[in-house]
Amino acid sequence: MRGGTIWSMENEFAPATENQALKERIIARIRDEGPITFRDFMAMALYEPRLGYYCSGRETMGRDGDYLTSPEVSPIFSAMVGRQLREMWQVMGAPDRWNIAEAGAGNGTLCRDVLRWAHRGALEFFEAIRYLIVEPIPSVEARQRERLQADALESKVCWLNEMPDVVEGCVVSNELLDSMPVRRVRIDDGELREIFVDRDEKQFREEVQESSTPEIGRYFERLGLLPGEGCTSEVNLAAVEWMSRTGAALRSGFVLTFDYGYEAEELYTPWRKDGTLLCFYKHNPSNNPYARIGRQDMTSHVDFTSLRYAGEMAGLKTLGLVTQSEFLTNLGIGEALPGHNDKLSLEERLARRRGVSELVDPAGLGRIKVLVQTKGIDVSHLIGLGLSD
Ligand SMILES: C[S@@+](CC[C@H](N)C(=O)[O-])C[C@H]1O[C@@H](n2cnc3c(N)ncnc32)[C@H](O)[C@@H]1O
């Protein structure tokens, strides 16, 4: 529907599951400024200082949180990533100092488990690693420090608020880009418009208006396509910007990106009427971003075509795009399955089996995509991509 309300839902959940102070701040902003873009609504819901979902100090990921990520499922994931990182370090001549820069490190689990893995079985690599965590949220950084202190690994890690100007090594991220605030757009009568969020006495309402920035039109022009008629879709300009900045910062090395997403043609296919935006609360998905404000996660699939293009514009070469299932299988995740002669308790055996099967599950984490880009090095072989000379 043009210019009108698409839908609004909100009051089906008990207020205890909402962050009331955050909700009032969003309402006050709409009262002062008028309808705000969905992107601004999502940015406040997730990242408003001290109040947003990721900033309030609550546990968000893991079995006790709202959703599971690969490092939280099993340390086998980080061991496989460690293998891949070690090969990248070797490809670069095994220098004495090598950076791993991780953005959106969450609880710090990937960092901790890559370092543990290297310390146990790849000591020379371990000595070379300087692990940079790029973390803008103070309460999240505190949690990461706590986790790494417990392991006495903190001295290997350096915290930064933003990506350094120059990186040599590998920039790694897991489910970072799919948690960035997105624009939501709608195609009516062939016209591209943007979704804004308004508020009446009782509830939030969506409105469709002219786009707030010409960047959205340019984004689809570059792709040479538009979402289908009547479709609502997401445009993640922040992810594209992140890739441009990261590509520019990388002097030589790799960018290793794990995220849910598709190539643009598949993401914006005409049958995908409602886009990919999803919310998670205690492992239950919902498509209502106006419920449980500040208490539920929001995520949307990324457009790998635009990410690759942004990287290439910044001097990155795309080496490959595979599923997590393929990537981990190429790296030998099958070897992590317990064998007959392994001295493991029944519990350990079951945990390993469950870990492996969850990480490669083609209907779950296994369908995450792994994008590998390079700059300034000549590389023809990478185990995870299954490329060989
Ligand atoms: C879905 S969580 C994934 C956490 C972790 N990588 C994992 O796999 O468990 C996404 C994380 O990215 C962080 N994040 C979002 N935008 C960011 C940015 N621009 N720079 C650094 N971190 C960011 C969020 O605060 C959140 O902790």
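Bear in mind these aren't lab numbers, they're just calculated from the coordinates by the rules spelled out. Please read these numbers as outputs of a predicted model, since none were measured by experiment. Every residue, glycine among them, receives a Cβ derived from its backbone with ideal geometry; neighbour counts consider all protein chains shown.
Under 5 Å between amide hydrogens, built in the peptide plane, is the criterion, and for Arg292 it picks out nothing among residues at least 5 positions away or on other chains.
Here the label points at Arg31 and Arg145, each 7 Å from Cα along the C-beta direction, are separated by 3.7 nm in the simple model.
Under 14 Å from a label point set 7 Å out along the Cα-to-Cβ vector of Ala238, the amide N atoms of the stretch 150-182 belong to 175-182.
Taking Cα atoms only, the orientation of helix 38-47 departs from the longest principal axis of the chain by about 50 degrees.
Of the residues Val197, Leu132, Gly108, the one whose Cα sits farthest towards the positive end of the charge dipole of the stretch 101-202 is Gly108 (charges of +1 on Lys and Arg Cβ, -1 on Asp and Glu Cβ, taken about the Cα centre). Treat each spin label as a single point 7 Å out from the Cα along the C-beta direction, and report the Arg58 to Leu123 distance in nm. For the pair Arg58/Leu123, the computed spacing is 4.6 nm.
Taking amide H atoms as placed 1.01 Å from N in the peptide plane, the amide H of Arg130 lies under 5 Å from those of Trp98, Asn99, Ile100, each 5 or more residues away in sequence or on another chain. Against the chain, whose longest principal axis is taken from its Cα atoms, helix 346-360 shows a tilt of about 60°. Across the stretch 257-270, rounded Karplus estimates of 3J(HN,Hα) from the backbone phi angles (6.51 cos²θ - 1.76 cosθ + 1.60, θ = phi - 60°) give 10, 9, 6, 6, x, 9, 5, 4, 4, 7, 5, 9, 5, x Hz, Gly and Pro being marked x. All C-alpha to C-alpha distances of the stretch 39-115, sorted into 5 Å bins beginning at zero, yield P(r) values of 3, 13, 18, 19, 15, 12, 9, 8, 3, 0 percent in whole numbers.
Taking only the Cα atoms of the stretch 132-178, the radius of gyration and Dmax are 11.5, 31 Å.
Estimated from the Cβ-Cβ distance and a Förster radius of 25 angstrom, the FRET efficiency linking Ser252 and Glu215 is about 0.25. A simple rule links phi to the HN-Hα coupling: the Karplus curve 6.51 cos²θ - 1.76 cosθ + 1.60 with θ = phi - 60°, which for the stretch 239-252 gives 5, 5, 4, 4, 5, 4, 5, 5, x, 5, 6, 6, 7, 8 Hz, with x for Gly and Pro. Around the amide H of Gly320, modelled in the peptide plane, lie the amide H atoms of Val372, all under 5 Å away and 5 or more residues distant in sequence or on another chain.
Write out the GluC sites (Glu not before Pro) in the stretch 9-99 meeting two conditions: DSSP loop, and at most 11 other Cβ atoms within 10 Å of their Cβ.
On the way: sites: Glu10, Glu12, Glu18, Glu24, Glu33, Glu59, Glu72, Glu87; in loops: Glu10, Glu12, Glu18, Glu59.
The qualifying sites are Glu12, Glu59.
Listed by chain and number, the lysines whose C-alpha is less than 29 Å from the C-alpha of Lys23, apart from same-chain residues fewer than 8 away, are Lys202, Lys273, Lys282.
Cβ-Cβ distance of Glu348 and His283, R₀ of 30 Å, FRET efficiency by 1/(1 + (r/R0)^6): the value works out to about 0.80.
Using a Gaussian network model of the chain whose springs link C-alpha atoms within less than 10 Å, name the residue from Asp297, Asp64, Asp198 with the highest mean-square fluctuation. Its mean-square fluctuation being the largest, the pick is Asp64.
Between Glu229 and Leu68, residue separation times 0.36 nm minus the direct Cα-Cα distance comes to 54.6 nm.
Our estimate of slack between Lys317 and Glu266, defined as 0.36 nm per intervening residue step minus the Cα-Cα distance, is 16.1 nm.
Global size of the stretch 179-266: 15.8, 54 Å for Rg and Dmax (C-alpha atoms, Rg to one decimal, Dmax whole). Farthest towards the positive end of the charge dipole of the chain, among the residues Thr60, Ala248, Asn284, is the Cα of Thr60, using unit charges on the Cβ of Lys, Arg, Asp and Glu.
For the stretch 246-382, what is the Kirkwood hydrodynamic radius in Å, using each pair of distinct C-alpha atoms? If you can, show how the numbers build up before the last one.
Values: mean 1/r = 0.0565 Å⁻¹.
Radius from the Kirkwood sum: 17.7 Å.
Around the Cα centre of the stretch 138-273, unit charges on the Cβ atoms of Lys, Arg, Asp and Glu (plus for the first two, minus for the last two) sum to a dipole of about 360 debye. Determine the dipole magnitude for the chain: charges of +1 sit on the beta-carbon of Lys and Arg, -1 on that of Asp and Glu, nothing else is charged, the reference point is the Cα centre, and the result goes in debye to the nearest 20. Value, rounded to 20: 740 debye.
Once the Cα-Cα distance is subtracted from the 0.36 nm per residue extended length, the Asp189 to Gln20 segment shows a gain of 57.0 nm. Placing +1 on the Cβ of every Lys and Arg and -1 on the Cβ of every Asp and Glu, with no other charges, gives the stretch 62-190 a dipole of roughly 280 debye about its Cα centre.
I need the semi-axes of the equivalent ellipsoid of the chain: take the C-alpha gyration tensor, multiply each eigenvalue by 5, square-root it, list largest first in whole angstrom.
Values: eigenvalues 263, 116, 79 Å².
Over the Cα atoms of the chain, the semi-axes work out to 36, 24, 20 Å.
Straight Cα distances below 17 angstrom link Lys343 to the aspartates and glutamates Glu335, with same-chain residues fewer than 8 positions distant left out. Partner lysines whose Cα lies under 21 Å from the Cα of Lys317, excluding those fewer than 8 positions away in the same chain, are identified as Lys369, Lys375.
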